[in-house]
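The values are calculated or read from the model by the stated rules, or taken from the named source; none is laboratory data. Since this is a predicted model, take the numbers as computed values, not measurements. No Cβ is skipped: glycine too gets one built from the backbone with ideal geometry, and neighbour counts run over all protein chains shown. SASA here: full protein model, heavy atoms, side chains in, ligands and nucleic acids out. Shrake-Rupley method; radii C 1.70, N 1.55, O 1.52, S 1.80 Å.
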Amino acid sequence: MRAGATRAVTGGGAEWITMREACGLLGVAPATLRRWADTGEVRTFTTPGGHRRFSRATLLQMLPAERVARPSLEHLGETPERMARVLRRGVDRADGEAAWVSTLPDEAREALREPGRRIAMALLAYLDAAPAEREAALRAGEEAARSYGTMARGAGATARQTIETFLGHRRPFVRELASTARRRALDAADTTELLESASEAVDRLLLATVEGFDEVEAARP
């Protein structure tokens with residue numbers, strides 16, 4: 001069983017997983033999963049600490065029968081290569097527009113772009129992954145995001161500057177997803193799932209960036 005999952009025995013034995021794991025399995029945002037739990041569409045119980053746990057077996061049964069997984073790049077008719085070019089350009093443009101980045105020496109500026117590009121590639125992998133592989137893609141992105149936060153603080157950026165630059169990376173990513181949804185004429189349900197799932201992923205990467213920044217800040221005398 002994966003780290004963080006909780007196993008409980010009930011009715012002959014069942015595996016119960018966390019909210020994060022359930023979202024990764026189905027490829028949906030927490031808000032969507034909570035809505036399904038509230039309406040009884042998924043089997044769940046609440047721990048004494050107030051955390052929801054979900055029946056893995058029930059969720060697996062939903063995958064082939066229900067339209068719950070957000071569209072992959074293949075479903076959207078997009079090639080990974082084209083999306084990679086879009087994301088890399090977005091990272092480079094955001095860094096180029098950040099005043100604090102422009103003051104860095106060329107070597108330091110290019111070094112900072114490397115984790116930014118890794119973040120972009122992790123988001124791309126997340127978009128193109130099967131449900132069971134999405135969590136691994138996000139964890140790779142979180143590692144890159146922490147490196148970005150660490151390097152930004154080491155380069156003298158403030159917390160606000162670091163977050164603003166990260167959000168500059170985010171904008172072309174979300175903009176391209178919305179544009180793709182329009183071009184491919186996705187229906188409202190697919191578009192909502194796609195954007196909610198992407199937003200959840202980006203939020204986690206932003207938190208990892210701040211964690212990396214804070215680690216350097218906490219180590220300073």
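Give me the extension gain from residue 130 to residue 111: residue separation times 0.36 nm, minus the current Cα-Cα distance, reported in nm with one decimal.
Extending this stretch completely gives an extra 3.7 nm.
Would you mind putting 119-125, 167-173, 40-46 in packing order, based on average other-beta-carbon counts within 10 Å, highest first?
In descending order of packing, they fall as 119-125, 167-173, 40-46.
Would you please put 99-106, 210-217, 134-141 in order of how densely packed they are, using the mean number of other Cβ atoms within 10 angstrom per residue and starting with the highest?
Those peptides, ordered most packed to least, come out 134-141, 210-217, 99-106.
Starting from the 7 Å offset along Cα-to-Cβ, what nm value, one decimal, do you get for the label separation of residue 99 and residue 159?
2.1 nm
To the nearest 10 square angstrom, how much accessible area does residue 36 have with a 1.4 angstrom probe?
Around 20 Å² of this residue is reachable by solvent.
Keeping all protein chains in the complex and leaving out DNA, RNA and ligands, what accessible area do you get for residue 183 with a 1.4 Å probe, in Å² to the nearest 10?
120 Å²
Which residues does a label at residue 215 reach in segment 124-161, if reach means a backbone N under 19 Å from a point 7 Å past the Cα toward the Cβ?
136-160
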